[in-house]
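Quick notes on the structure that follows.
The values are calculated or read from the model by the stated rules, or taken from the named source; none is laboratory data. Not measured: the values here are computed from a predicted model. Here the Cβ positions follow ideal geometry from the backbone for every residue, glycine too, while neighbour counts run over all protein chains shown.
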Amino acid sequence: MTYHIDDTPLVQFPIRLSKDLHTRFTRVSQETRINKSTLLRIALDRLVTEIQNQGITAVLSETGVKG
């Protein structure tokens, strides 16, 4: 999947991250030279696709998150 800002109107919303996740996220962004907005769009797209394909229970059990 390609992510081009000009292709679709974008909606902005706040997100709260733990300090550890923010640090990891920032490190990946710096190491890959991919901006955080693009990385987040990729991650959210993958997560939503997994939920749609496998169901929320299966996805949450893989991540260790309790639903």
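What the table below lists for this structure:
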{"item": "Flag if GLU31 is part of a helix (DSSP H, G or I), modelled with pLDDT of 95 or more and among the acidic types (Asp, Glu)", "result": "yes"}
{"item": "Out of THR38, THR26, THR49, THR57, sole residue that is surrounded by 10 or more Cβ atoms within 10 Å (Cβ to Cβ), at pLDDT 85 or above, in a helix (DSSP H, G or I) and in contact with a Lys or Arg (Cβ under 9 Å, 6 or more places away or on another chain)", "result": "THR26"}
{"item": "Every residue from segment 4-23 that is hydrophobic (A, V, I, L, M, F, W, C) and modelled with pLDDT under 90", "result": "ILE5, LEU10, VAL11, PHE13"}
